[in-house]
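Working notes, structure below.
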Amino acid sequence: MNDVTRWNTDNVENIEAHESAVKHVTGRAQYVDDIAEWPDQLHVATGKSVHAHARILNLDLSAVRACEDVIDVITYDDIPGDGDVGTVYEGDPLLATEVVEFVGQPLFAVAATSLSAAKYAVEQAIVEYEVLEAVLTPQAALDESSFVLPEKSFVRGDVDAVIAGSPFRIKGEQYIRGQEHFYLEGQVSLCIPNEDDGVHVVSSSQHPTDVQKLVAKVLALPIHQVQVEVRRMGGGFGGKESQAAPLACMAAIFARRTNRPVKFRMPRQDDMIQTGKRHDFWNRYEAGFDNKGRIQGVTMDLAALCGYSPDLSEGIVDRAMFHADNSYYYDATRITGYRCKTHTVSNTAFRGFGAPKGMIAAEAMMDDIAVKLGLDPLDVRIANLYQEGRAVTPYGQTIEQHMLPHIISQLERTCDYRQRRDEIAEFNKGGDSHFRKGLALTPVKFGISFTAKHLNQASALVHVYTDGSIHVNHGGTEMGQGLYTKVAQVAARAMGVSLARIQVSATRTDKVPNTSPTAASSGSDLNGMAVLDAMNQIRERLITFAASHFDCAQEEISITDDKVRIKSETYEFAEIVKLAYMNRVHLSATGFYKTPKISFDFDTTTGRPFFYFANGAATSEVIVDTRTGEYRVTRVDILHDVGQSLNPAIDMGQIEGGFVQGMGWLTTEELLWDGEGRLISDSPANYKIPTAYDVPRTFNVDLYDEANREETIYRSKAVGEPPLMLALSVWCALRDACASIADYRFSPPMNAPATNEEVYRCITLAKDFMERVDD
Amino acid sequence: MEFVLNKERVQVLDIDADTTVLNLLRQRGLVGTKEGCASGDCGACTVMVGAVTSDGQIEYKIVNACITLAGSLAGTHVVTVEGLQNGGELHPAQRAMVEHHASQCGYCTPGFVMSLANLVEEQIESDQPAGNLCEIVTRGISGNLCRCTGYRPIVDAGISALNDTSSLSVCHDDARDFLQTYDHENDPADGSYHRPRCLEDLDRFVGAHGNQCLVAGATDFGLEITQRWTRFPMIIDISKVIEMREIGISDDEISIGASVSYSEVEQIFAERSYPFVHILHRLGSRQIRNTGTLGGNFANASPIADTPPVFIVWEATLELRNSKGQTREVSAEEFYVGYRETILASDEYIVRIVIPVACVDRFHRLYKHSKRIEDDISSVMGAFSIWGDDQNIGGIRISYGGMAAVPVRIREVEAMLMGAALNIELVEEACARLRTVMTPMTDVRASAGFRMDMAVEMLDRALREYMGEKLPRVDDLL
């Protein structure tokens, strides 16, 4: 598939297989649905609203209750505690009350002895609605001032005057569609009632503490009566940050009512219809710039389709605003984020968390500027990169380290950008071929830290046993990103023992409490540091003990390679641990970490929301059939900054996987609703994520070799989300190919995803432009 | 019903007729096989099924357990991800997946492992040189979706597994004995799941129960169960009816039984029609093509089925038979009478499809448009067959799928081109005419306007290519 896949050989020693790799390939890795079922176990399904906005006049469930194998049926009134399961703000009723606000909203829930019985039963309800007018697009929501939360702006300077006074101006708008997570394992929770009138929940969740809190809330229990356990997810991508909890809550209510174990697993189509996705955004932008393409002022309006409730949309639109600059200095600025309330499912976190939606506006703007001035888009990008003297972001944080000029120049060289640009220009002039090629090199600068400051903390629990084996728990969850592997590596390295001694087990709220979601790419940054803290404490206790026991200075003791060297003697690690135990040394510790240096005030837009930035750049080349809009991504080159890699194999996996997922969002994955607010891309038969065939045949990925200047875990950098946005290079390359039809004198306003049909539309616009010019 | 499940023989009695293989496996505690979509789109449920072919060979193929019916397993060897290891040793496909860091969340992994293991198995069975491994692997995993890795390490793992010379067949001695000695003729029906072996038997069932519960590969039917939660108390599995499994090739015609799978059809046309084989590669996935059948593609009467437009321009006929054993022949074109409606009487079924060799030998172009290249349903499917001499068009057939309620033939445009001397002006006129005779719809796959433009583009391209212009498609280039 690829000519070369490279990684920096300096880090090869850190390469370890995913801790569950053998279990994955043998089918022994257990997911929630794989847990053996109890004989009396129940299964849940929900009855769904068929209207986007309606008042429920009558809900007749008698036929539902009468169905064979149905054990229990609940509506909102049956919820023992508070039925609002909004994760940050209220507004998400677990089951509908008087009014429904999206097609698919759960009206009631059924517990039956089998999933098929539950699914059959929910169809038997008789529901009378009074249909109300529905708001279905961000444009309509703006017209009606329909918002889930108020707008926010970053303002610097008198931007309107600056733009008006600029030598050149461009202006554009784009509709950027959302994205279905399509984690291969759908949403699922299993709830087992316990003897303390509480519940044990096994969930596929990125946020066990959120599940725990909300289950306690709906059951009106103190939090300590609810335990949540997450061993692994079959993919999360943000979709299981807030969206996992409602399933656990419904299962928990039934479990308490029936005193039976209850599983709620959503079949794929229900999952697609009933759970939130990446937000659609309608972006408008205007820029003023000089004859080198250097921006003097930018205004941007970013309007997000949030759906019916706030969910995580505050932070998501914040992050879109924080990344509306991508890597570029705007000088005078006004960036406004709108959180549009629509009668659609409440949109939620998805890898990138709004940032891709801000960045795509920035990248479209760069291409527009290049076309306006007849420059290579890469030169416009380079001219606008943050640099000394032009280093303060629209939100007041100063970029301290300018990595992108170096990353871009290295990538430009290794991928032969200039030469290929010339060859492509030549090809595109070439006679009567119906193919055109496009090329684009785009950067990514992604801010690392939760913008909600309190989430930037983590805890860990470490036990050293008397045989020298070590058990590690932390607050992060494993969704495939390799967090458990990286944390185990950190633990082994911190103690000076081999990886084989470390067991990382399921994340549980009764082992490590008050956890933050595994989100914002923060998993290894936060939990790695918390584990390091715990390991250091135990290591210090062991060394203190050994110094006293063997009567030597602490400096004369070292632990490396499973051996404890004390003066000239060498002992097995287990031997010293056993000895320490016999001498009553505490061999368990909790670790804690909070990210330093960060704070941000939205009212004054001052401070430092991000501890540091992860950077990268990608070059993509495409070939387009101008007769049909069909295309292929033929070559991709990536250079990405992961600091000092904790595990290059895992980081490569995140970069490649993130890129392909981003490419899917921008190419074949078209999230569509009909005019009544019904999701019509509601199954994998009509919502197309990339297959192996879509991956570029030449796919070169390299890690940029530089340690994080900030004190992160072993100087590594977060890697979960940033690479997704490298795929913007594919979208820009497609736009470049379309612009070539207009001799690069016109940049067709391309929306996303750039499906064949969208590319064809842009080709047609470019042809129309040429006809107008020729006339 | 009896089959071999991994290393052991199992007897399954008294299961519901509409039980899927996936549910059967998971109820037996084999939970390594996952449900990702329950619609045959993601491949997380992929398992290998070994059976004796008509020429006595044992052949393994991958299927989607989520929509394959358990009753179809009688007399087979089912291999799941739990059954691949040999005495504690990982199978080469498993080992390569670990070594190449090809799993992240792991949920799709068992399915990929099975698809790769099947490629290894095919390589063991085959005496042919392997060819381009990257292409073989990419094609071999076309029915498996991964959301984490971006596929590169999986493809690398597949290439590495195919280069591993230590590979052993999954077919152990006991499985071989079982497969070779299984008495299909006397294989009793399991309660309400019937597996007739000949047309006479089938006629009896159809006579008693009608044709609504006829199932071959279940690649569409299975979704009724898993997506619409319909229950089927009785199922008639026609995939073992010998006459419907027959392939007959003479100088004049190619006859393909209705229960012949797409994968087998690929082989029939491998040397006869590159365009058709190319279309078949884009029809469903390997798993779907292994079980889905031509008869099913017709009988489901979907307006977006890929093969009917092809058979319409190839002037194929369908042989139909009713429960009384009476047969009739209809042309592919007249088989459809309305949206999701066919000419079939309630006790009638398709026995075979007969294609004149002369029609296949004519110049033809088959174009499919879809959002994704692999495993996607057409937004427009165009089929064009043109014959005549250098100067004049002797005859032409044009058919489209996805443009109307049924696969349609465009007689108006055919008529204006018939006998004409083809030139660019005429091509443009034909395209303009096409616009006036079609009214496509807008849906999730494409807008009406785009469908129309693509239908016109296809006609234009086919005619230009007939005139000698070379207009490759983007996937022809790479």
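B:GLY150 fulfils the conditions (1) without any contact (Cβ under 8 Å) to a residue 24 or more places away in the chain; (2) more than 30 Å from A:GLY482 (Cα to Cα); (3) within 26 Å of the chain's Cα centre (by Cα) except for a single criterion, (2). In this structure, A:ALA52 does not qualify as more than 30 Å from A:GLY235 (Cβ to Cβ), more than 11 Å from chain B (Cβ to nearest Cβ) and of a type in the set (A, V, I, L, M). Residues in the stretch A:683-693 that are at the interface with chain B (Cβ under 7 Å from one of its Cβ atoms) and not small (Gly, Ala, Ser) were compared, and the one that is nearest to the chain's Cα centre (by Cα) is A:ILE689. Residues in the stretch A:566-589 that are of a type in the set (Val, Ile, Thr) and buried (at least 16 other Cβ atoms within 10 Å of the Cβ): A:ILE566, A:ILE576, A:VAL577, A:VAL585. Return a yes/no flag: does the stretch B:423-443 have any residue that is more than 14 Å from chain A (Cβ to nearest Cβ) and within 25 Å of the chain's Cα centre (by Cα). Within the stretch B:423-443, not a single residue is more than 14 Å from chain A (Cβ to nearest Cβ) and within 25 Å of the chain's Cα centre (by Cα).
Is the stretch B:43-57 home to any residue that is free of Cβ contacts under 8 Å to residues at least 40 places away in the same chain and within 9 Å of chain A (Cβ to nearest Cβ)? Scanning the stretch B:43-57, I find no residue that is free of Cβ contacts under 8 Å to residues at least 40 places away in the same chain and within 9 Å of chain A (Cβ to nearest Cβ), so the answer is no. Examine the stretch B:451-466 for a residue that is within 10 Å of another protein chain (Cβ to nearest Cβ) and farther than 17 Å from A:HIS434 by Cα, and state whether such a residue exists. Yes: one or more hits.
The set of residues in the stretch B:80-91 being on the phi < 0 side of the Ramachandran plot, more than 9 Å from every other protein chain (Cβ to nearest Cβ) and surrounded by fewer than 24 Cβ atoms within 10 Å (Cβ to Cβ) consists of B:ASN86, B:GLU89. A single member of B:SER379, B:SER399 is over 30 Å from B:GLU135 (Cα atoms), in contact (Cβ under 8 Å) with a residue 24 or more places away in the chain and of a type in the set (Gly, Ala, Ser), and it is B:SER399.
Candidates B:GLU200, B:GLU246, B:GLU253: the one that is more than 30 Å from A:MET266 (Cβ to Cβ), surrounded by fewer than 19 Cβ atoms within 10 Å (Cβ to Cβ), touching a residue at least 24 places away in the same chain (Cβ under 8 Å) and within 21 Å of the chain's Cα centre (by Cα) is B:GLU246. Those strands (runs of 3 or more DSSP E) of the stretch B:1-65 that lie entirely within it include none in which at least 2 residues are basic (Lys, Arg) and in contact with a Cys (Cβ under 6 Å, 6 or more places away or on another chain).
Using the structure shown, decide if A:GLY468 is assigned to a loop (DSSP other than H, G, I, E, B) and surrounded by fewer than 24 Cβ atoms within 10 Å (Cβ to Cβ). Considered against the rule, which asks whether it is assigned to a loop (DSSP other than H, G, I, E, B) and surrounded by fewer than 24 Cβ atoms within 10 Å (Cβ to Cβ), A:GLY468 comes out as yes.
Within the span defined as the stretch A:349-356, one or more residues are of a type in the set (D, E, K, R) and out of contact with any strand residue (DSSP E or B) (no Cβ under 7 Å at 6 or more places or on another chain). Of the helices (runs of 4 or more DSSP H) contained entirely in the stretch B:362-471, those carrying at least 3 residues that are buried (at least 21 other Cβ atoms within 10 Å of the Cβ) fall at B:448-466. Only one of the listed residues (A:GLU621, A:GLU555) is of a type in the set (D, E, K, R) and touching a helix residue (DSSP H, G or I) at 6+ places or on another chain (Cβ under 7 Å). That residue is A:GLU621. For B:HIS77, the criteria (1) more than 7 Å from chain A (Cβ to nearest Cβ); (2) buried (at least 24 other Cβ atoms within 10 Å of the Cβ); (3) farther than 16 Å from B:LYS61 by Cβ hold in every case but one, which is (3). Going by what's in this entry, would A:ARG232 be described as farther than 20 Å from A:GLU721 by Cβ and not assigned by TED's automatic domain parsing to the domain that holds A:ASP368? No; evaluated as a whole, the condition is false for this residue. I'm trying to understand the selection: among the residues of the stretch A:359-399, which are more than 25 Å from the chain's Cα centre (by Cα) and acidic (Asp, Glu)? Passing the criteria: A:ASP367, A:ASP368, A:ASP376, A:ASP379, A:GLU388. Quick check on my filter: what residues within the stretch A:403-415 are closer than 16 Å to A:THR634 by Cα and touching a helix residue (DSSP H, G or I) at 6+ places or on another chain (Cβ under 9 Å)? Residues satisfying the conditions do not exist here. Among A:ILE424, A:ILE360, A:ILE408, A:ILE369, which is the only one that is within 16 Å of A:PHE613 (Cα to Cα) and assigned to a helix (DSSP H, G or I)? Answer to the check: A:ILE408.
Screening A:ARG319 against (1) surrounded by 22 or more Cβ atoms within 10 Å (Cβ to Cβ); (2) within 11 Å of A:ASN384 (Cβ to Cβ); (3) basic (Lys, Arg) leaves a single unmet condition, (2). Checking each residue in the stretch A:705-739 for being in a helix (DSSP H, G or I) and surrounded by fewer than 22 Cβ atoms within 10 Å (Cβ to Cβ) picks out A:TYR714, A:ARG715.
Of the strands (runs of 3 or more DSSP E) lying entirely inside the stretch A:568-649, those containing at least 1 residues that are under 31 Å from the mean Cα position of the chain (by Cα) and within 14 Å of chain B (Cβ to nearest Cβ) are A:612-625, A:631-641. Apart from one condition, B:ALA65 fits all of (1) closer than 22 Å to B:ILE238 by Cβ; (2) out of contact with any strand residue (DSSP E or B) (no Cβ under 7 Å at 6 or more places or on another chain); (3) away from every other protein chain (no Cβ under 12 Å); (4) at pLDDT 95 or above; the exception is (2). Any idea how many residues of the stretch B:94-146 are of a type outside the set (D, E, K, R), closer than 16 Å to B:SER166 by Cα, more than 8 Å from chain A (Cβ to nearest Cβ) and part of a helix (DSSP H, G or I)? Total satisfying the criteria: 8. Right, A:ILE680: surrounded by fewer than 21 Cβ atoms within 10 Å (Cβ to Cβ) and facing chain B (nearest Cβ under 10 Å) or not? For A:ILE680, the condition - surrounded by fewer than 21 Cβ atoms within 10 Å (Cβ to Cβ) and facing chain B (nearest Cβ under 10 Å) - is met.
Kindly indicate whether any position in the stretch A:116-131 is surrounded by fewer than 17 Cβ atoms within 10 Å (Cβ to Cβ), small (Gly, Ala, Ser) and outside any strand (DSSP E or B). No. Comparison of A:GLN661, A:GLN654 shows that the only residue that is closer than 18 Å to A:ALA754 by Cβ and either within 9 Å of chain B (Cβ to nearest Cβ) or at pLDDT below 95 (or both) is A:GLN661. In the set (1) of a type in the set (Ser, Thr, Tyr); (2) touching a strand residue (DSSP E or B) at 6+ places or on another chain (Cβ under 8 Å); (3) over 16 Å from A:SER729 (Cβ atoms), A:THR393 fails one condition alone, (2).
The values are calculated or read from the model by the stated rules, or taken from the named source; none is laboratory data. As the structure is a computational prediction, the values presented were derived from the model and not from experiment. Note that we place each Cβ from the backbone using ideal geometry, even for glycine, and neighbour counts take in every protein chain shown.
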